[in-house]
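Since every read-out is calculated from the coordinates, none of them should be taken as a lab result. Given the structure is predicted, the values throughout are model-derived calculations rather than measurements. Note that we place each Cβ from the backbone using ideal geometry, even for glycine, and neighbour counts take in every protein chain shown.
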Amino acid sequence: MKTLYLVRHAKSSWKHDVDDHKRPLKGRGEKDGQLVSKKVSKEIEPPQRIISSDATRAFSTAQFFKEALNISDENFETNHDLYDFSGQHVMRIIKSLDDDLDTVMIVGHNHAFTSVVNMLGNRYIENVPTCGFVMLQFDEKKWSNITTGKTVKTIFPRDLK
């Protein structure tokens, strides 16, 4: 069985005059990152690897989960291809994951993540909100073979406030 955790980056700030890729989290995003990662750490098995978009807001969000889930530096990586809004790169990354990994967390962006959870899960989610967490499971041995799995759990910031 393969388990995929998808986390959309937390709320980012638009008030800085920086390139989109470098936008930081805003205060609410930092609070939500702490809140959701703490809740998630109590409800799931830690992933064997976390892979994050290298965009500042996604990387910062991933750090909350890395810390809360006690993931080592060796099992944390960034991938520029996760700076994707359509979902095509995200799907390619998922399908090419090492089959020795059974549980992986990916941190990235919308609209890609809402598309991917609806493509791969069995429950329609209108929108994965900022800092939203979705757990999907697949009855497969190879990541390249995954199609529709089961949407097992969602944890959204609004549900914790």
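Can you confirm whether the range 117-126 contains a residue that is small (Gly, Ala, Ser), touching a Ser or Thr at 6+ places or on another chain (Cβ under 6 Å) and surrounded by fewer than 21 Cβ atoms within 10 Å (Cβ to Cβ)?
No; the residues of the range 117-126 include none that is small (Gly, Ala, Ser), touching a Ser or Thr at 6+ places or on another chain (Cβ under 6 Å) and surrounded by fewer than 21 Cβ atoms within 10 Å (Cβ to Cβ).
May I ask you to say which residue of Asp54, Asp100 is among the charged types (D, E, K, R) and either on the phi > 0 side of the Ramachandran plot or over 13 Å from the mean Cα position of the chain (by Cα) (or both)? Steps first, answer last, please.
Values: Asp54 fails: either on the phi > 0 side of the Ramachandran plot or over 13 Å from the mean Cα position of the chain (by Cα) (or both).
None of the other options fit; the residue is Asp100.
Kindly indicate the residue of the range 70-92 that is touching a Lys or Arg at 6+ places or on another chain (Cβ under 8 Å) and assigned to a helix (DSSP H, G or I) and also nearest to Ala58 (Cα to Cα) among those meeting that condition.
Asp81
Please name all residue pairs, on different chains or six or more residues apart, with Cβ atoms under 8 Å, provided the first residue is in the range 148-160 and is within 22 Å of Lys95 (Cα to Cα) and the second residue is of a type in the set (Lys, Arg).
Pairs found: Gly149/Lys2; Thr151/Arg123.
Which members of the range 79-104 meet the condition of being aliphatic (A, V, I, L, M) and surrounded by fewer than 17 Cβ atoms within 10 Å (Cβ to Cβ)? Reasoning before the result, please.
Keep residues of the range 79-104 that are aliphatic (A, V, I, L, M), which gives 82, 90-91, 93-94, 97, 101, 104.
Of everything in the range 79-104, just one residue is aliphatic (A, V, I, L, M) and surrounded by fewer than 17 Cβ atoms within 10 Å (Cβ to Cβ), namely Leu101.
Only one of (1) of a type in the set (D, E, K, R); (2) surrounded by 16 or more Cβ atoms within 10 Å (Cβ to Cβ); (3) outside any loop (DSSP other than H, G, I, E, B) fails for Arg158. Which number is that?
Against the list (1) of a type in the set (D, E, K, R); (2) surrounded by 16 or more Cβ atoms within 10 Å (Cβ to Cβ); (3) outside any loop (DSSP other than H, G, I, E, B), Arg158 comes up short only on (2).
Scan the range 55-89 residue by residue and report those that are among the charged types (D, E, K, R) and within 10 Å of His9 (Cβ to Cβ). Please lay out each step first, then the result.
So in the range 55-89, the residues among the charged types (D, E, K, R) come out as 57, 66-67, 73-74, 77, 81, 84.
Within the range 55-89, Arg57 is the sole residue that qualifies.
Restricting the range 32-56 to residues that are assigned to a loop (DSSP other than H, G, I, E, B) and of a type in the set (Asp, Glu), which is surrounded by the most Cβ atoms within 10 Å (Cβ to Cβ)?
Across the range 32-56, the extreme among qualifying residues is Asp54.
What is the number of the single condition among (1) crowded, with 20+ Cβ neighbours inside 10 Å; (2) basic (Lys, Arg); (3) without any contact (Cβ under 8 Å) to a residue 40 or more places away in the chain that Arg8 does not meet?
Condition not satisfied by Arg8: (3).
So Phe59 clears everything in (1) closer than 13 Å to Ile155 by Cβ; (2) outside any strand (DSSP E or B) except one condition, right? Which one?
Unmet for Phe59, out of (1) closer than 13 Å to Ile155 by Cβ; (2) outside any strand (DSSP E or B): (1).
Among Thr154, Thr130, Thr78, which is the only one that is more than 30 Å from His16 (Cα to Cα) and of a type in the set (S, T, N, Q)? Walk me through how you get there before you give the answer.
Details: Thr130 fails: more than 30 Å from His16 (Cα to Cα); Thr78 fails: more than 30 Å from His16 (Cα to Cα).
One residue alone meets the criteria, Thr154.
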